[in-house]
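Taking it in order: structure first as structure tokens, then the write-up.
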Amino acid sequence: MIESRLRFGRTSMMTRLLLVLSVAVLIASAPACDNTTSSAPTPTPLQITEKPAPAPPPPIAPVAQQPIFVVFESMSGKIRIQLHTKEAPRICANFLNLIQRGYYTRKQWDDFSPVVRQLGERVDINAIPYSLPREFAPKLLFDIGGRLCLANTTENDDARGHPYRIFLTVKPQERWNLEYVVFGTIVDGLDVATRMNTGEPVTSIVIEGDTQPLLTAQAKNIAQWNAALDARK
């Protein structure tokens, strides 16, 4: 009986030992458990990129006035004159407006002298429909012949420009500097102006160049001039 118990005791002990060994083997063969918690990647802060403000458009440059020429033709030939529109814009605009109205066509060059050839009505100051401010330019002097000039309303120092009485010089006349306004220069045909005869009529006048920028800029003045001319008729 005692021997039987001893065998049972041994068997029970062996069973526990085998169980312990089995558990140890299982624990040893199990994959190691990584207790380190993998942290999620830190999100990159959202970067807001501001679009640069659009660059302002470049300023629109004013349209430069292109050269304007006037060609007078008579029996002696052609005289081509460049107008000084930058230095005398109102006088040039008035002159071009009169040409477009046909004022100078068939008028006669008169009042000749060794220096000048004049054109346009010679009327009393009280009969002229309007006058013009004198637009002097220091570089436009009577140091050469071939100047296109505006007559004055009177001989006074404070005289204004005549609306339609003009003259050409054929020789220098420096004593007239800053007395009469120069608003054009002969570029071709000074010899024609020199040999013209008194009473020779203008057979045609041709304008060369784009007059629109100048006439548009002087539109208000031109409207007043035309109203005065129409009333005079």
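The values are calculated or read from the model by the stated rules, or taken from the named source; none is laboratory data. Since this is a predicted model, take the numbers as computed values, not measurements. All Cβ positions, glycine included, derive from the backbone under ideal geometry; neighbour counts span all protein chains shown.
Tabulated data
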| quantity | calculated |
| --- | --- |
| Positions within region 178-196 being within 25 Å of SER131 (Cβ to Cβ) and surrounded by 15 or more Cβ atoms within 10 Å (Cβ to Cβ), in sequence order | GLU179, TYR180, VAL181, VAL182, PHE183, GLY184, THR185 |
| Qualifying residue in region 183-201 (condition: of a type in the set (Phe, Trp, Tyr), under 30 Å from ASN126 (Cα atoms) and not in a strand (DSSP E or B)) | no |
| Residue that is in contact with a helix residue (DSSP H, G or I) (Cβ under 9 Å, 6 or more places away or on another chain), under 17 Å from ASN177 (Cβ atoms), at pLDDT 95 or above and among the aliphatic types (A, V, I, L, M), where the choices are LEU148, LEU140 | LEU148 |
| Count of residues meeting criterion [assigned to a helix (DSSP H, G or I) and either under 25 Å from TRP176 (Cα atoms) or in contact with a helix residue (DSSP H, G or I) (Cβ under 9 Å, 6 or more places away or on another chain) (or both)] in region 97-117 | 3 |
| Selection from region 118-136 of residues that are among the aliphatic types (A, V, I, L, M), at pLDDT below 90 and not in a loop (DSSP other than H, G, I, E, B) | ILE125, ALA127 |
| Contacts under 8 angstrom Cβ, first residue in region 215-233 being over 12 Å from ALA93 (Cβ atoms), partner charged (D, E, K, R) and surrounded by 12 or more Cβ atoms within 10 Å (Cβ to Cβ), 6 or more apart | LEU229/ARG101 |
| Any chance ALA127 is among the aliphatic types (A, V, I, L, M), more than 23 Å from GLU200 (Cα to Cα), in contact with a strand residue (DSSP E or B) (Cβ under 9 Å, 6 or more places away or on another chain) and surrounded by fewer than 16 Cβ atoms within 10 Å (Cβ to Cβ) | no |
| Of all residues in region 77-98 being surrounded by fewer than 17 Cβ atoms within 10 Å (Cβ to Cβ) and under 18 Å from PRO201 (Cβ atoms), the one that is farthest from the chain's Cα centre (by Cα) | GLY77 |
| Scan of region 104-124 for residues that are hydroxyl-bearing (Ser, Thr, Tyr) and surrounded by 18 or more Cβ atoms within 10 Å (Cβ to Cβ), ordered by number | TYR104 |
| Failed item in (1) in a loop (DSSP other than H, G, I, E, B); (2) of a type in the set (A, V, I, L, M); (3) within 24 Å of ARG101 (Cα to Cα), with ALA151 passing the rest | (1) |
| Cβ pairs under 8 Å, 6+ apart, first in region 143-159 and on the phi > 0 side of the Ramachandran plot, second assigned to a loop (DSSP other than H, G, I, E, B) and surrounded by 20 or more Cβ atoms within 10 Å (Cβ to Cβ) | GLY146/VAL170 |
| Filtered residue count, region 64-105, keeping only those that are closer than 20 Å to GLU135 by Cα and not hydrophobic (A, V, I, L, M, F, W, C) | 12 |
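Yes/no matrix, rows are residues, columns are (1) basic (Lys, Arg); (2) at pLDDT 95 or above:
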| position | (1), (2) |
| --- | --- |
| VAL192 | no, yes |
| PRO201 | no, yes |
| VAL206 | no, yes |
| THR211 | no, yes |
| THR216 | no, yes |
| LYS220 | yes, yes |
| TRP225 | no, yes |
| ALA228 | no, yes |
| ARG232 | yes, no |
